[in-house]
Amino acid sequence: MNWTLVQLRAFVAVAELGTMSAAARALGYTPGAVSQHMATLRRVVGTDLLVAAGRGFTLTEAGRTLLERARAVIAAEEQAAEAVRGQDFGRVGAVTLGVFGSASVVAFAAAASRLTGSGVQAREIDVEHMPEAVLAGRIDVGIGIDYPAAPLAPQRGLRVKRVHSEEFSVVSPAGPAPTHEELAGSTWILPPSRSLQGRAVRFAIAGLGFAARETHIITDTSVALAMVRSGLGYTLGTPIMMALAPPGLQLVPGTQAGGRHIVVISREEQADRPDITAVTEVLTEVFASGAGIR
């Protein structure tokens with residue numbers, strides 16, 4: 001298809017920001033220019049990518065399919081531009097490592113300190129899209145999560161290595177542990193049910209013997225933990241997730257239910273590269289040692 005990087009950037013900006021005017025401000029274009037790029041891209045693709053929703057837009061199925069791939073194309077172009085400008089010259093074996101919130105706190109600093117001279121570069125990636133980011137070549141290695149209750153779909157071309165397992169527990173303000181009745185009757189702060197984490201958390205809560213009152217739907221773990229600290233409800237967490245917790249929170253003893261596996265993801269075709277092997281081995285050691293895990 002004969003689309004351009006300018007059109008793809010405009011599409012990603014509109015998809016992420018919701019309006020033509022917001023995308024124009026972010027890109028330094030006029031709203032008319034963004035509209036023109038979107039109209040041209042729609043003709044190239046041959047189907048609608050966006051539909052009007054109130055004052056903004058939402059993605060169609062075709063738009064959702066294109067979005068992640070457009071991001072990968074843009075990321076690849078940016079990496080190529082960096083290399084041409086010389087930013088990567090002389091850094092033989094540089095590995096881009098995909099991290100997410102709690103993994104970046106717990107693992108990256110410890111891993112980077114053991115990989116001095118190897119040129120490991122962190123890239124923050126939505127953890128639920130980590131496998132796709134590795135497959136698309138946006139990153140070389142990704143730290144991901146696999147939930148036994150909502151497992152990752154197997155994808156050809158990926159190697160997935162489990163490096164750590166941990167259980168969910170109820171997170172509450174420090175002090176006397178809440179009773180079962182208090183937990184069942186309280187408000188809860190949960191990730192969206194459509195996400196893998198959201199499904200796994202709901203299975204875990206069911207294992208505690210009650211249905212949570214889903215009052216606050218929050219994706220960001222650090223925000224959810226801050227809300228618990230403010231007394232707005234309970235959530236589930238793990239020792240690694242607690243690396244993002246503000247002071248004054250606890251994992252409630254005796255409320256373990258469900259769990260998750262931390263995995264290291266790489267492409268099969270590159271998994272035996274010495275630098276990627278070294279990163280994978282160091283990450284395995286870091287998680288096995290419990291460095292930074294509460």
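The values are calculated or read from the model by the stated rules, or taken from the named source; none is laboratory data. The structure presented is a predicted model; accordingly, all values stated were derived computationally and were not measured. Neighbour counts run over all protein chains shown; Cβ positions are idealised from the backbone, glycine included. Accessible surface is based on the protein model in full, side chains and every heavy atom, while ligands, DNA and RNA are left aside. Shrake-Rupley method; radii C 1.70, N 1.55, O 1.52, S 1.80 Å.
Worth pointing out:
- Per-region count, region 152-204, residues hydrophobic (A, V, I, L, M, F, W, C) and over 27 Å from residue 286 (Cα atoms): 8
- Restricting the search to helices (runs of 4 or more DSSP H) fully inside region 156-266 and requiring at least 1 residues that are closer than 30 Å to residue 96 by Cβ, under 16 Å from the mean Cα position of the chain (by Cα) and without any contact (Cβ under 8 Å) to a residue 40 or more places away in the chain gives 196-207, 221-229.
- Residue that is in contact with a Ser or Thr (Cβ under 6 Å, 6 or more places away or on another chain) and more than 30 Å from residue 67 (Cβ to Cβ), where the choices are 169, 165, 186: 169
- Qualifying residue in region 151-165 (condition: among the hydrophobic types (A, V, I, L, M, F, W, C), modelled with pLDDT of 90 or more and open to solvent by less than 50 Å² (accessible area, probe 1.4 Å)): yes
- Residue 240 vs. criteria at pLDDT below 95, surrounded by 16 or more Cβ atoms within 10 Å (Cβ to Cβ) and not small (Gly, Ala, Ser): yes
- Candidate set: region 133-183, residues that are basic (Lys, Arg) and touching a strand residue (DSSP E or B) at 6+ places or on another chain (Cβ under 9 Å); chosen: the one nearest to residue 229 (Cα to Cα): 162
- Residue in region 281-292 that is touching a residue at least 24 places away in the same chain (Cβ under 8 Å), open to solvent by 40 Å² or more (accessible area, probe 1.4 Å) and not in a helix (DSSP H, G or I) present: yes
- Residues being open to solvent by less than 30 Å² (accessible area, probe 1.4 Å) and farther than 24 Å from residue 286 by Cα - total across region 249-263: 4
- With respect to the stated conditions, residue 70 fails to be part of a helix (DSSP H, G or I), at pLDDT below 85 and under 19 Å from residue 138 (Cβ atoms).
- Test: residue in region 20-32 that is modelled with pLDDT of 85 or more, open to solvent by 50 Å² or more (accessible area, probe 1.4 Å) and touching a Ser or Thr at 6+ places or on another chain (Cβ under 7 Å): yes
- Exclusive hit being open to solvent by 70 Å² or more (accessible area, probe 1.4 Å) and of a type in the set (Ser, Thr, Tyr), set 266, 186, 222, 230: 230
- Filtering region 22-38 to residues that are in a helix (DSSP H, G or I) and of a type in the set (S, T, N, Q) leaves 35, 36.
- Applying the criterion of being open to solvent by less than 20 Å² (accessible area, probe 1.4 Å) and in a helix (DSSP H, G or I) to the residues of region 92-106, the residue that is modelled with the lowest pLDDT is 103.
- Hits in region 116-154 - residues which are assigned to a loop (DSSP other than H, G, I, E, B), among the β-branched types (Val, Ile, Thr) and more than 12 Å from the chain's Cα centre (by Cα): 116, 139
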